[in-house]
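Have a look at the structure below, then the notes.
The values are calculated or read from the model by the stated rules, or taken from the named source; none is laboratory data. Only a predicted model underlies this, so the values are computations on that prediction, with no experimental measurement involved. Ideal geometry is used to build each Cβ from the backbone, glycine not excepted, and the neighbour counts take in all protein chains shown. These accessible areas exclude ligands, DNA and RNA; they are computed on the full protein's heavy atoms, side chains included. Shrake-Rupley method; radii C 1.70, N 1.55, O 1.52, S 1.80 Å.
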Amino acid sequence: MPKEHKVQIIPLGGLGEIGKNMTVIRYDNQMIVIDAGLAFPEEEMLGIDVVIPDYSYLLEHKEMVQGILVTHGHEDHIGALPYLLRDLDVPLYATRLTLGIIQSKLKEKHLNDINATVVQPRDTVKIGVFKVEFLSVNHSIPDAVAIAIHTPLGTIVHTGDFKVDHTPVTGEKIDIHKFSELGDKGVLCLMSDSTNVERPGFTKSERSVGHMLEEAFKGAMDRIIIASFATNVHRLQQVITAAYNTNRKVAVVGRSMINIVTIASELGYLKVPEGTLVDVDEIVNLPGNQACILTTGSQGEPMSALTRMAMSDHRRIEIQPGDTVIISANPIPGNEKSVSKTIDLLFKLGANVIYESYQGMHVSGHASQEELKLMLNMIRPQYFIPVHGEYRMLIKHAELAEQLGIAREGTFVADNGTIIEFTRHGASIAGKVQAGKVLIDGLGVGDVGNIVLRDRKQLSQDGILIVVMTISRASGAVVAGPDIVTRGFVYVRESELMLDEAKEKVRQTMSRLRDNHVTEWAILKGQVRETLSKHFYEKTRRRPMVLPIIQEVE
């Protein structure tokens, strides 16, 4: 009996969460990967810098991976590439600006020799058994593409992050004609962005922000300081245009902002009129009505330029009464507190802060309900997988598809690691592969797991207590100590009585163990830990981490 061919879609990240987007498409023994992004740590991930997908499935099948396709240059789609490309030497396919941003990131990690191919919308590339087509879409960064993957069993369309913007600031409009053409020919499965599925109507055009910026620039009597996402090149272009039209010079502040402005200008995505960009040292000496500062910090990040200005901690720029500060971004969920704190500090310093999206200073880069319906109607897929969203968003997107006549049994609301399998006879869930979070802490990749995080949480809540003593090897008696050292648990000078009681309890425990001829160190330490934990919980209702240190002498 001949072998049955099958196509598998395996999301390794981006389902049931925002960020770390990564999807594997497999046909028999060949695979391609779409995106490799990161996510930012949740509140309880103490000390963690970023989170990337667990891509051990790819490493187990290294020889099958034919290439990595990248939809656009945002961190949640490219942030894991510096780690993945260290472990996997495969070709990379991305548009010009996306590749420029990726190469800048890889350079920081000393990865310079990667096999990269520049693609552009409407290009078709043959990768192994797959024929891959790139389609223009609108998003909050130029050069974003959707990807159509033609397999022997049918076409799979992945939208990437998208919106429908009929009046984009620069670049191409979404390729409605090509999407409809794919739909007419027949699409096996659509994977579509679910980020804004809870928003009714249409997402506003990016160009509408430009009009509001022009008004704000005309109305400001003094300096303008504007914070935005560094990668929103369309927004940066509109800021530079508004500044030029109101005779202001622009200084760029913040490492990531300088980096993107440099890359986008060099590649021709950012048009800066001659003489408009100046150095920070020059801007501080200009009259206020001729100065504009473009900066990072729209999310209240502690080390960002705007946050340091708000805390009067920036070495070059001081907020002055009369400054207009425009925050041209919405807080990412989880960042609301830090953004509010920054805004409060700016008001205290006398700045006029424009920060609400209803003031027209920000529009989303993701499709709202009507645009998502348009995509579904253009593609008319046989099967549908909502992607890029928290679980409730995936469910809402499935409901939206059902309203348009896509059968619920043809829609897969999946988890990371789920294998969605397609054969000539239909589609089904065909098991799971390993998927999850890999935590990055400093230079450590994946060396911090749940146990380390649990310890960090305990240390942050109740502190640590170290008990040190010396015992005789011959008799097992305590000959020195026990001494107790604590950090983050109690103020020692005010708790001497409780700590003395604790030392006495340790002596009694050690004496009892000696009488019972217990000499194993693991048992000794375990009993001391248990005695102290019980004692301190009774006294304080806290559970500090207890570390017994026992030394032996002759």
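Points worth noting:
- Hey, LEU213 open to solvent by less than 20 Å² (accessible area, probe 1.4 Å), over 28 Å from ALA146 (Cβ atoms) and outside any loop (DSSP other than H, G, I, E, B) or not: yes
- Candidate set from segment 9-35 (those that are farther than 21 Å from VAL438 by Cα and out of contact with any strand residue (DSSP E or B) (no Cβ under 7 Å at 6 or more places or on another chain)); member that is surrounded by the fewest Cβ atoms within 10 Å (Cβ to Cβ): ASN29
- When residues in segment 365-412 are screened for being open to solvent by less than 40 Å² (accessible area, probe 1.4 Å) and in contact (Cβ under 8 Å) with a residue 24 or more places away in the chain, 27 of them pass.
- For GLY160, the test of being among the small types (Gly, Ala, Ser) and either surrounded by fewer than 24 Cβ atoms within 10 Å (Cβ to Cβ) or more than 29 Å from the chain's Cα centre (by Cα) (or both) is failed.
- Test result for MET212, touching a residue at least 24 places away in the same chain (Cβ under 8 Å) and touching a helix residue (DSSP H, G or I) at 6+ places or on another chain (Cβ under 9 Å): yes
- Consider segment 170-192 and keep the residues that are hydrophobic (A, V, I, L, M, F, W, C) and touching a helix residue (DSSP H, G or I) at 6+ places or on another chain (Cβ under 8 Å). The one that is most open to solvent (accessible area, probe 1.4 Å) is ILE176.
- Helices (runs of 4 or more DSSP H) contained entirely in segment 1-90, each with at least 3 residues that are closer than 19 Å to SER140 by Cα, under 16 Å from the mean Cα position of the chain (by Cα) and not hydrophobic (A, V, I, L, M, F, W, C): 75-78
- Hey, ALA251 within 30 Å of the chain's Cα centre (by Cα) and not charged (D, E, K, R) or not: yes
- Options LEU376, LEU372, LEU439; residue that is farther than 30 Å from PRO142 by Cβ and not polar (S, T, N, Q): LEU439
- Scan segment 244-254 for residues that are surrounded by fewer than 17 Cβ atoms within 10 Å (Cβ to Cβ) and outside any helix (DSSP H, G or I) and the total you get is 1.
- For HIS158, the criteria (1) modelled with pLDDT of 95 or more; (2) touching a helix residue (DSSP H, G or I) at 6+ places or on another chain (Cβ under 6 Å) hold in every case but one, which is (2).
- Annotation note: of THR167, THR151, THR195, the sole residue that is touching a residue at least 24 places away in the same chain (Cβ under 8 Å) and in contact with a helix residue (DSSP H, G or I) (Cβ under 6 Å, 6 or more places away or on another chain) is THR167.
Conditions tested, residue by residue: (1) open to solvent by 80 Å² or more (accessible area, probe 1.4 Å); (2) part of a helix (DSSP H, G or I).
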residue	(1), (2)
LEU465	no, no
VAL468	no, no
ALA474	yes, no
GLY481	no, no
VAL485	no, no
LEU499	no, yes
ILE523	no, yes
VAL528	no, yes
ARG542	yes, no
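- Residue in segment 123-154 that is most open to solvent (accessible area, probe 1.4 Å), counting only those that are assigned to a strand (DSSP E or B) and among the small types (Gly, Ala, Ser): GLY154
- Among (1) free of Cβ contacts under 8 Å to residues at least 40 places away in the same chain; (2) closer than 30 Å to MET309 by Cβ; (3) aliphatic (A, V, I, L, M), the one test that ILE174 misses: (2)
- Hits in segment 223-239 (condition: open to solvent by less than 10 Å² (accessible area, probe 1.4 Å) and either aromatic (Phe, Trp, Tyr) or closer than 11 Å to GLY210 by Cβ (or both)): ARG235, VAL239
- Filtered residue count, segment 255-281, keeping only those that are over 18 Å from PHE229 (Cα atoms) and in a helix (DSSP H, G or I): 3
- Apart from one condition, THR262 fits all of (1) surrounded by fewer than 24 Cβ atoms within 10 Å (Cβ to Cβ); (2) within 24 Å of GLY300 (Cβ to Cβ); (3) within 29 Å of the chain's Cα centre (by Cα); the exception is (2).
- Criterion applied to ALA427, ALA435 was being in contact with a strand residue (DSSP E or B) (Cβ under 7 Å, 6 or more places away or on another chain), at pLDDT 70 or above, in a loop (DSSP other than H, G, I, E, B) and within 28 Å of ASN29 (Cβ to Cβ), and the one residue passing it is ALA435.
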